[in-house]
There are 2 protein chains.
Amino acid sequence: MIIEQMSIDEQRVAIFKALADPTRLQIVRTLYQNKKEMSCGEVGEQCEVSKSNASYHFRTLREAGLTTLRKDAQTKYIQLNTETFDKYIPGFLDTL
Amino acid sequence: MIIEQMSIDEQRVAIFKALADPTRLQIVRTLYQNKKEMSCGEVGEQCEVSKSNASYHFRTLREAGLTTLRKDAQTKYIQLNTETFDKYIPGFLDTL
DNA sequence: ACAGTAGTTAAATAGTTATTGAACTAATGA
DNA sequence: TCATTAGTTCAATAACTATTTAACTACTGT
């Protein structure tokens with residue numbers, strides 16, 4: 001389901017589900033600490049996750065509205081969507 | 001596993017898992033809006049959840065450190081553990 | 001055109017989670 | 001003592017989730 005079509009509580013559930021996994025928490029922390037966008041490959045390498053598993057987790061984060069994607073040729077760059085964090089869990093990123 | 005024995009990230013995962021459910025979100029909101037402790041029965045009734053299902057959700061929240069329990073004879077009173085919220089997701093309760 | 005790079009998708013599998021109903025414990029009050 | 005109240009536990013079930021491997025798409029540089 002598209003996040004914009006969800007009720008607020010459904011969005012909250014999607015966000016908490018997305019963060020309720022050690023690998024995705026690690027991905028979020030990596031993106032937060034790097035301060036700027038990173039390619040999928042860079043993130044996957046730093047978090048020691050296989051390509052396909054990383055892709056799965058990236059999708060979960062993106063579908064929860066926690067990240068955004070920029071495409072440049074064959075490379076995709078991921079960035080935290082701070083709007084979503086600020087709206088639903090303000091202050092969380094600073095606890096990482 | 002006991003929450004105190006978990007790594008910080010394991011605690012985060014337990015907390016996000018606990019909040020990644022519409023029924024438990026409703027329970028947390030009910031407890032937050034009531035401002036004071038409530039009996040299990042009161043919460044279950046307001047959230048329209050069966051006794052046994054409510055008990056299951058109460059345990060999940062308690063094991064994540066999100067609530068505390070006070071026993072008085074046959075009644076148990078639940079309260080939000082604001083320490084945990086403040087430590088891991090400061091500001092979250094005010095978004096409810 | 002072709003080998004290499006970057007990432008997605010699909011199928012299979014194992015493990016986890018939410019819900020229900022019935023049986024249970026423990027305290028209350030007539 | 002006995003019925004009632006408050007909540008827990010257990011077993012069964014259905015649905016969902018994370019991981020792996022292999023096959024795939026699409027773009028790049030020679």
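Assorted remarks:
- Unique residue being charged (D, E, K, R), within 14 Å of DNA strand D (Cβ to nearest atom) and open to solvent by 70 Å² or more (accessible area, probe 1.4 Å) when the list is B:Arg24, B:Arg70: B:Arg70
- Contact map, region B:43-69: residues that are farther than 22 Å from B:Glu4 by Cβ paired with residues that are in a strand (DSSP E or B), Cβ distance under 9 Å, separation 6+ or inter-chain. Pairs shown: B:Val43/B:Ile78; B:Gln46/B:Met38.
- Some residue of region B:14-24 being more than 10 Å from DNA strand C (Cβ to nearest atom) and under 21 Å from A:Ile8 (Cβ atoms): yes
- The number of residues in region A:27-58 that are open to solvent by less than 40 Å² (accessible area, probe 1.4 Å) and either within 22 Å of B:Tyr88 (Cβ to Cβ) or away from DNA strand D (no atom under 14 Å from the Cβ) (or both) comes to 8.
- The set of residues in region B:1-45 being assigned to a loop (DSSP other than H, G, I, E, B) and of a type in the set (A, V, I, L, M, F, W, C) consists of B:Met1, B:Ile2, B:Met6, B:Ala20.
- Flag if A:Asp94 is within 9 Å of chain B (Cβ to nearest Cβ), open to solvent by less than 90 Å² (accessible area, probe 1.4 Å) and either touching a Ser or Thr at 6+ places or on another chain (Cβ under 9 Å) or away from DNA strand C (no atom under 12 Å from the Cβ) (or both): no
- The lone exception for B:Leu80 - which of (1) within 13 Å of DNA strand C (Cβ to nearest atom); (2) among the aliphatic types (A, V, I, L, M); (3) at pLDDT 95 or above it fails: (1)
The values are calculated or read from the model by the stated rules, or taken from the named source; none is laboratory data. As the structure is a computational prediction, the values presented were derived from the model and not from experiment. Cβ coordinates were reconstructed from backbone atoms using ideal geometry, including for glycine residues, and neighbour counts include every protein chain displayed. Calculation scope for accessible area: heavy atoms of the full protein, side chains included, ligands and nucleic acids excluded. Shrake-Rupley method; radii C 1.70, N 1.55, O 1.52, S 1.80 Å.
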